[in-house]
């Protein structure tokens, strides 16, 4: 009798396990928010290309980009945010070398930065990192503008990770303009915003796609290339057919970044710097 009950319990457990497995979704569906190829210019001269993809999957919004400059420098950038666009994890790689790693904890955001001067840690208070804008990475401005709009006129505390610097971003205003993309002009909204005293401009279309970034003070510009070029995705980022389409799988970050998600890499810094940002 006890043996029969044991077999019955065993079969019930197996049935329950199979039922749970079958009820799980087979894939994670991602929603593409924007994917593009940008031409980078300095004082009107072409100096590089930036490819990026922004998508939402579950409770995370992800931005992945690849910046290649004429002098041969190549950066891979990954930023993960929660649904409120608060940065959660961040990484910059140059080739196979990790340049910046960042992660949000309960009360702080911590970055590990590698430069010619060695390795260092930089910490900012939790409420001092509402946005991340990397120096020379155009698609980060698209995310910054969404955060600025959500702030409804309030200042946004941001960090430039590779420099280990804090800054304040402010939305100055917006207006309607047309932007030349390829052979045609596209209706867009122009955003004027300030980052610690430096005024910059961005143009975004009605679907939330980034069209142009201009930093006139430094002579820097990023311009979206035509659609046939824009839809070409980065390596390991899938092949998006169009913006806002549904995709059935996510890119494999473990293979793309070789070290996996942030916070998994153990380092032994030669120098340590701790600081707190002030809003």
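Overview of values
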item: From the C-alpha gyration tensor of region 97-148, square roots of 5λ in Å; result: 21, 17, 7
item: R0 of 45 Å, Cβ-Cβ distance residue 218-residue 57: FRET efficiency to nearest 0.05; result: 0.85
item: Overall form of region 95-190 per C-alpha gyration tensor (a/c, 1.5; a/b vs b/c); result: oblate
item: Sorted peptide list for 31-40, 188-197, criterion being average Cβ within 10 angstrom, highest first; result: 31-40, 188-197
item: Two-site FRET efficiency, residue 117 against residue 69, from Cβ-Cβ distance with R₀ of 30 Å, rounded to 0.05; result: 0.90
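Taken together, the values in this text are just the output of simple stated rules run on the coordinates, not laboratory data. Since the structure is predicted, the reported quantities are computational estimates derived from the model, not experimental observations. Because the Cβ atoms are built from the backbone with ideal geometry, glycine has one as well, and the counts that use them run over all protein chains shown.
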